[in-house]
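Beneath this line is the structure, given in structure tokens, with notes to follow.
Just so it is clear, none of the values below were taken in a lab; they were calculated from the coordinates. Computed from a predicted model, the values in this text were never measured in an experiment. Ideal geometry is used to build each Cβ from the backbone, glycine not excepted, and the neighbour counts take in all protein chains shown.
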Amino acid sequence: MSGHKKELQRALAKIARIAREAAEGMVEDNGDPQTEAGPFHDDEDGPGIGCSLRQLPEHALLRAARTAIQINPANGLNMAAMSSLGLDPGVLDPQNIAVLTSKYWGPKPRQLTVGFMDGASGELRQKIVSNLNAWNRCGGISFVETQGVGQVRISREGAGYWSYLGTDILHIPTDRPTMNLQGFTVNTPDSEYRRVVRHEAGHTLGFPHEHMRKQLIARIDRQKAYDYFWQTQRWNRAMVDAQVLTPLGDSTIMGTPSDEDSIMCYQLPGSITTNGIPIRGGRDINRTDCAFCARIYPKTGSSAGAMPDDSDSPPDAPRGMRTGITGIAAYDLGHWGRDEAVEPDPSQF
């Protein structure tokens, strides 16, 4: 087995272990988050962290993987790649399968319904949905408010900013939120709407955290990160490992340069980096985010891949295509557009 294959196996095993520890320590069996994560805040080092990508409980992982694959077959495990790596799909545990399955909604144009769970005013609801739909200016997927039970259910009463990933939201009980925007009001600065709401919308579209790249993780002092996230978020070591410190190497899965200006990248203060230089993090959807969204969710017409009109991203942001996929499906992006997206059949789960 080559060095790259061994490295990938070790990384996948480590991610599965960390995800299991984090899930066991922080999520009840019904999927309720048990940790507290405070909202973004500015200090002398830069913005704090308020987003944690929520994990389903272990008993739901296999069903969620089936849903993801049925909705969008391109999410499926790449059996040839797994075989070449010596991974037997017949003996993978649920955490391995969760790591190896993407959660994108598929290339067919789609609207995700949005409901609010805490009596938000019409003005506030419109402002949040408008920012969710900043991604629609890039790709062929959009959000629309419903007076019924939304697929995306937003609360402002829980702790912190968080979302579940992509199609996983279909496995959250309908009386529970899939996204939390703690304390957002109509008076929250527009810059926070761009940075926070669009980031969480990216997770709902299936985009993981961009900072989970070897080049960026290598710049972080682990002990300082443990101390910082405990003090600011009350995250224990397993949570910090799962959310911040476990990279997948570009040479094995990502294959493209990291992008610390991505909206999906954490803003990490210089106080926890080895050289004292902050990891900038993204404040809005940039050109590479937009281009990747356009590739995953193709949009017809002259507006395909257009940047949001109110974007904070600099006009000279990098234009290269990146892949922010966490999973072996990244090897097989050529399948996008070949398969029809289908709705899940609940009787199969």
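The figures follow:
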item	result
Alpha carbon centroid spacing (whole Å) that separates region 152-221 from region 260-290	16
Residues with amide H under 5 Å from that of K108, placed H, sequence gap 5 or more	A341
Extension gain from Q126 to H59, taking 0.36 nm per residue of separation minus the Cα-Cα distance	20.6 nm
Neighbour-count order for R219, R156, R54, fewest beta carbons within 10 angstrom listed first	R219, R156, R54
Label zone at V186, where the point sits 7 Å out along the Cα-to-Cβ direction: region 128-152 residues whose backbone N lies under 13 Å	128
Amide H within-cut-off set for W235, under 5 Å, with H built and near neighbours excluded	W230
Burial ranking of peptide ranges 62-73, 197-208 (average Cβ count within 10 Å, highest at the top)	197-208, 62-73
Exposure proxy order (Cβ contacts within 10 Å, fewest to most) of D118, D221, D241	D118, D221, D241
